[in-house]
1. Amide H to amide H, which residues 5 or more places from A:TRP84 or on other chains are under 5 Å from it, using H placed in the peptide plane?
2. In nm, what is the difference between 0.36 nm times the number of residues separating B:VAL60 and B:ARG46 and their Cα-Cα distance?
3. Would you mind giving the three semi-axes, in whole Å and largest first, of the ellipsoid equivalent to region B:5-138 according to its Cα gyration tensor?
4. What distance in nm lies between label points placed 7 Å from Cα along the C-beta direction at A:ALA39 and A:THR118?
5. Quick one: net charge around B:VAL125, please, counting Lys, Arg +1 and Asp, Glu -1 for every other residue with C-beta under 12 Å from its C-beta.
6. For B:LYS33, give me every one of the lysines with a C-alpha distance below 26 angstrom, ignoring sequence neighbours fewer than eight places off in its own chain.
7. Give the peptides A:70-81, A:96-107 in descending order of average Cβ contacts within 10 Å, highest first.
8. Rounded to the nearest 500, what is the protein assembly as shown's calculated 222 nm mean residue ellipticity when only DSSP H runs of at least 4 contribute -39500 (n - 2.57) each, over all residues?
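Read-outs throughout are calculated quantities, based only on the coordinates presented, and are distinct from any laboratory measurement. If you're wondering where the values come from, they're calculated on a predicted model, not measured in any experiment. Positions of Cβ are backbone-derived with ideal geometry, glycine not excepted, and every protein chain shown enters the neighbour counts.
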Amino acid sequence: MNRVRDAAVRVRQVRQADLEAVIVLDAQVTGLKKADYWAELYRRYGTGRRRGRQFLVAEGEHGIEGFVIGEVRDWEFGSPACGWVFAINVRPGARQAGIGSRLLEAVCDGFRKLGVTTVRTLLARDNNLVLSFFRARGMMAAQFIPLEMELDR
Amino acid sequence: MRLQKATRFALYSVLECARDPQRPVSATEIAQKYEVSIHHLSKVLRELGRAGILEAARGVGGGYRFRGNPRRLALMDVIALFEDISSRSGAGREPGARTDVGRSLGVVLGEIDEIAKATFRSITVDTMLKLARRQKRAGYGRGNAVISASAATHPPDCARRHRRP
């Protein structure tokens, strides 16, 4: 486990060469190596061609320590433009060093530059670790309730 | 999920002590600030001491000190000491609970409970203290009376206002 110095970490836009590290990092947490999924996310969010879409990584002395993906969406669910964070992850051994906060702050800065004043995310109820992270950054319950059902076959 | 009195007193006590873990806070101080019975509060404080969340500091200027990790201790950890959170206790034994409507009501109430539990699990003492500081900055330093009064008058708008960071 490498200890991480917060000051040595730089948050920047993802590059194609970072993708393998991102895939490994995600697999460490989810247990699944989803190469095709991440290649598609890179194509959609990582190239910087689409305004409002962000795919950022935190790069430390030992490589990629975390990433965040976010997007500004207009009028989805009837809501005015707001920023959505739909993926954030920090290497387990690099946690508690402020990297997650820096990634979140960076993606929120990107939203602010586009005039967005609200940021949202969606999490599983039992994902206590990440729920606590967002709560500690000041996030509270939104005005929306997620619903789902099983479809009849 | 409705919190029992003892649970509320416990949360008040833990948060009051965690504001400054070095300073012992007396039971009298907590009782006066939150306008609660010192007799009832003392029992709660002893339970928090047994759980290792607070420690008693004896002597002049004594009281209770917070000894947990504020970034790790969740509200649910405190609540679980005073409430049966395993499931909706008693659900299924109430009159009508075994009917189709009764079971449906149980499903809805269970959904509410699960959301409440997830919320309490995800909010740490540290997060609550940040929230309290924001409330104070927003002008609710003496809190309870002002919030209760406005919430009773304008529930939806007020709730929205207080939830925003």
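1. A:GLU71, A:VAL72, A:ARG73, A:ARG120
2. Working: separation 14, 0.36 × 14 = 5.04 nm, distance 1.88 nm.
Computed gain between B:VAL60 and B:ARG46 is 3.2 nm.
3. Numbers: eigenvalues 222, 57, 33 Å².
Each semi-axis is the square root of five times an eigenvalue, giving 33, 17, 13 Å.
4. Placing both labels 7 Å beyond Cα along the Cβ direction yields 3.8 nm.
5. +3
6. Hits, sequence-local ones excluded: B:LYS5, B:LYS43, B:LYS130, B:LYS136.
7. Working: A:70-81: 14.8, A:96-107: 19.3.
Listed from highest to lowest mean packing, they are A:96-107, A:70-81.
8. On the way: 12 runs with 141 residues, N = 318.
After summing the helix terms and dividing by the residues of the protein assembly as shown, the value is -13500 deg cm²/dmol.
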